[in-house]
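*Asks:* Have a look at this one before I ask anything.
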Amino acid sequence: MQQLTALERRTAISLALVFAFRMLGLFMLIPVFAIYGKDLIGFSPLWIGLAIGAYGLTQAVLQIPMGWLSDRWGRHQVMLLGLSLFAVGSVVSALADSVYMVTFGRVLQGMGAISGAVLALAADLTREEQRPKVMAVIGATIGLSFAVAMIAGPFIAAVAGLSGIFWFTAGLALCGVLIVSFLVPKAVQQASDSEALAKPGFILDLFKHPQLWQLTTGVLILHLMLTAVFVVVPQQLLSQQLASEQHWQVYLPVLVGAFVLMVPMMILAMRKQQEKGYFLLAIGLLIVSLLLMFSGQQLWLSVSALLLFFIAFNYLEASMPALVSRIAPAGQKGTAMGIYASAQFFGAFIGGLIGGAVSGYFGLSAVFAVAAGIGLLWLFIARSLVVPARAQRLTFALAVPDETTANFYVAQLSKLAGVQEATVVLAEQRCYLKVAPGDFDLQQAQSLLDRAQRQTDTATA
């Protein structure tokens, strides 16, 4: 089995650190703002929810455009711009004395939407067969950052207050700038790869794709739940006589336990080929956990509910991107993942809005009831999800003079055993395949392409 080269290892580690520092800064506010935000001018439950979720709105709007911009300006330039905006937003929030300015700072933080540029640079710098390993390393940092943030946030807030969280976040953003400037390798050539970066021409078609629509709606609801719940969970723990500086003592064992218990679910789902069943089970666990939070007046019940919630959350957060990748048509994975990421952040914004409004008008417990109701809606939507067979994605460089020739290649490749989908993107001069690994003969496909390429060269000579 081929190993990562030194360049690929450096790419994976440095880009993972950029992701980790940025996401850590975004997540640290979640477990503390509902408590420490009470000292801000203009405090209200609604504004607390808006401040927590505000970054999600600008992330959702700018996620795909910033990726496109990296094609024109360069990956490093867009990453540096995004991290600088993130740092400025952190400073604005650190200096704020009102909830309105904190919300504005969070909006600025969200404008640093660099996920698309990071993933595109990873594609530029890695071989196709090694790219999944690099993407997995980068993706794993999101879950790790969330776990660290849930523990570090309450600790830093107890020592330095809310402004301390934002100053620390600004420092993380500057560390990210240094990493991009000095550690992240520079690509000699940018590959406009549709499997890595969103493309405008595919967006409308993918919005209409029923299976992708289900997953996009699902991740929106998942992050809506997370943000709405953490508008009120810290206050619920306070009401159960647990001081804010002790909250990490709940979050640490809950997150570690949830990760450990989630792993067997992942293994069983894959081994038994029952991914849909476990997917629906995880949504059911979310609903049960929210109902326990709604009824729980004792600390042990709240902790148990949080454990169930994060077992389900971690399972869904890990499995849904893989399903999007498998379902996305050949050559359109970058766009599908861009839409998915935008929905993820938009869900965080809506969750903050719902959590703040419902808790302000109807009380803390009502948030859990509303979230559980939304979970039931998701369970209804997800019941018709079709999980496709596992497929491998391949990309070939191809000189294609016109659309007629492109259609000829697609027709020939589609006849090969094991080929599920074939796409030729004329603008990129590339061919994308989705294939069944056990049935597909790579050498046969390469021979067909070489033969067709010679015919094309002869015809155009």
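*Asks:* Quick check on segment 330-358: of everything there that is of a type in the set (S, T, N, Q) and either touching a Leu at 6+ places or on another chain (Cβ under 8 Å) or surrounded by fewer than 24 Cβ atoms within 10 Å (Cβ to Cβ) (or both), which residue is farthest from Leu413 (Cα to Cα)? Walk me through it before giving the result.
*Replies:* Kept after step one, since they are of a type in the set (S, T, N, Q), are these residues of segment 330-358: 332, 335, 342, 344.
Going one step further and asking which of them are either touching a Leu at 6+ places or on another chain (Cβ under 8 Å) or surrounded by fewer than 24 Cβ atoms within 10 Å (Cβ to Cβ) (or both), we end up with 332, 335, 344.
On the way: Gln332: 18, Thr335: 23, Gln344: 35 Å.
The qualifying residue farthest from Leu413 (Cα to Cα) is Gln344.
*Asks:* Residues in segment 318-338: is at least one part of a helix (DSSP H, G or I) and either under 19 Å from Leu376 (Cα atoms) or in contact with a strand residue (DSSP E or B) (Cβ under 6 Å, 6 or more places away or on another chain) (or both)? Give the steps one after another, and end with the answer.
*Replies:* Here is the first cut: in segment 318-338, the ones part of a helix (DSSP H, G or I) are 318-327, 333-338.
So of that shortlist, the ones also either under 19 Å from Leu376 (Cα atoms) or in contact with a strand residue (DSSP E or B) (Cβ under 6 Å, 6 or more places away or on another chain) (or both) come out as 320.
Scanning segment 318-338, I find at least one residue that is part of a helix (DSSP H, G or I) and either under 19 Å from Leu376 (Cα atoms) or in contact with a strand residue (DSSP E or B) (Cβ under 6 Å, 6 or more places away or on another chain) (or both), so the answer is yes.
*Asks:* Name the residues in segment 202-256 that are assigned to a loop (DSSP other than H, G, I, E, B) and within 24 Å of the chain's Cα centre (by Cα), would you? Spell out the reasoning first.
*Replies:* Our first condition is that a residue be assigned to a loop (DSSP other than H, G, I, E, B); within segment 202-256, this holds for 209, 240-243, 247.
His209 - this is the single residue of segment 202-256 that is assigned to a loop (DSSP other than H, G, I, E, B) and within 24 Å of the chain's Cα centre (by Cα).
*Asks:* Which condition does Gly161 not pass, out of (1) more than 21 Å from the chain's Cα centre (by Cα); (2) surrounded by 17 or more Cβ atoms within 10 Å (Cβ to Cβ), if it passes all the others?
*Replies:* (2)
*Asks:* Within the set of pairs 6 or more residues apart or between chains, which connect a residue that is of a type outside the set (Phe, Trp, Tyr) inside segment 227-248 to a residue that is outside any helix (DSSP H, G or I) with Cβ atoms less than 6 Å apart?
*Replies:* As it stands, the answer is Pro234/Pro31; Leu237/His247, since those pairs meet every condition given.
*Asks:* Would you mind stating whether Phe368 is within 21 Å of the chain's Cα centre (by Cα), at pLDDT 90 or above and surrounded by 15 or more Cβ atoms within 10 Å (Cβ to Cβ)? Can you show your working first?
*Replies:* Numbers: within 21 Å of the chain's Cα centre (by Cα): no; at pLDDT 90 or above: yes; surrounded by 15 or more Cβ atoms within 10 Å (Cβ to Cβ): yes.
For Phe368, the condition - within 21 Å of the chain's Cα centre (by Cα), at pLDDT 90 or above and surrounded by 15 or more Cβ atoms within 10 Å (Cβ to Cβ) - is not met.
*Asks:* Out of Val107, Val91, Val118, report the one residue that is in contact with a helix residue (DSSP H, G or I) (Cβ under 7 Å, 6 or more places away or on another chain), more than 17 Å from Leu174 (Cα to Cα) and in contact (Cβ under 8 Å) with a residue 40 or more places away in the chain. Before the answer, list the steps.
*Replies:* Numbers: Val91 fails: more than 17 Å from Leu174 (Cα to Cα); Val118 fails: more than 17 Å from Leu174 (Cα to Cα).
Only one candidate qualifies: Val107.
*Asks:* How about segment 68-93: which of its residues are in a helix (DSSP H, G or I) and at pLDDT below 90?
*Replies:* Across segment 68-93, the qualifying residues are Trp68, Leu69, Ser70, Asp71, Arg72, Trp73, Arg75.
Quick grid of which residues meet (1) assigned to a loop (DSSP other than H, G, I, E, B); (2) under 30 Å from Lys272 (Cα atoms):
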{"residue": "Trp378", "(1), (2)": "no, yes"}
{"residue": "Leu385", "(1), (2)": "yes, yes"}
{"residue": "Ala389", "(1), (2)": "yes, yes"}
{"residue": "Arg393", "(1), (2)": "no, yes"}
{"residue": "Leu413", "(1), (2)": "no, no"}
{"residue": "Glu421", "(1), (2)": "no, yes"}
{"residue": "Val424", "(1), (2)": "no, no"}
{"residue": "Gln444", "(1), (2)": "no, no"}
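*Asks:* Output yes when any residue across segment 281-290 is touching a residue at least 40 places away in the same chain (Cβ under 8 Å), farther than 19 Å from Phe230 by Cα and small (Gly, Ala, Ser), and no when none is. Please lay out each step first, then the result.
*Replies:* Going through segment 281-290, the residues touching a residue at least 40 places away in the same chain (Cβ under 8 Å) turn out to be 283-284, 286-287, 290.
When the remaining residues are screened for being farther than 19 Å from Phe230 by Cα, the result is 284.
Still in the list and also small (Gly, Ala, Ser): 284.
Yes; the residues of segment 281-290 include at least one that is touching a residue at least 40 places away in the same chain (Cβ under 8 Å), farther than 19 Å from Phe230 by Cα and small (Gly, Ala, Ser).
*Asks:* Looking at (1) part of a helix (DSSP H, G or I); (2) basic (Lys, Arg); (3) touching a strand residue (DSSP E or B) at 6+ places or on another chain (Cβ under 6 Å), which is the only condition Arg454 fails?
*Replies:* (3)
*Asks:* Going by the structure shown, is Ala305 buried (at least 19 other Cβ atoms within 10 Å of the Cβ), over 15 Å from Val387 (Cβ atoms) and touching a helix residue (DSSP H, G or I) at 6+ places or on another chain (Cβ under 6 Å)?
*Replies:* Answer is yes for this residue.
Condition check ((1) crowded, with 22+ Cβ neighbours inside 10 Å; (2) touching a Ser or Thr at 6+ places or on another chain (Cβ under 6 Å); (3) not aliphatic (A, V, I, L, M)) across all residues:
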site: Leu7; (1), (2), (3): no, no, no
site: Val18; (1), (2), (3): yes, no, no
site: Gly25; (1), (2), (3): yes, yes, yes
site: Lys38; (1), (2), (3): no, no, yes
site: Ile41; (1), (2), (3): no, yes, no
site: Pro45; (1), (2), (3): yes, yes, yes
site: Tyr55; (1), (2), (3): yes, no, yes
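The values are calculated or read from the model by the stated rules, or taken from the named source; none is laboratory data. Please read these numbers as outputs of a predicted model, since none were measured by experiment. Counting neighbours? That spans all protein chains shown, and the Cβs are built from the backbone with ideal geometry, glycine included.
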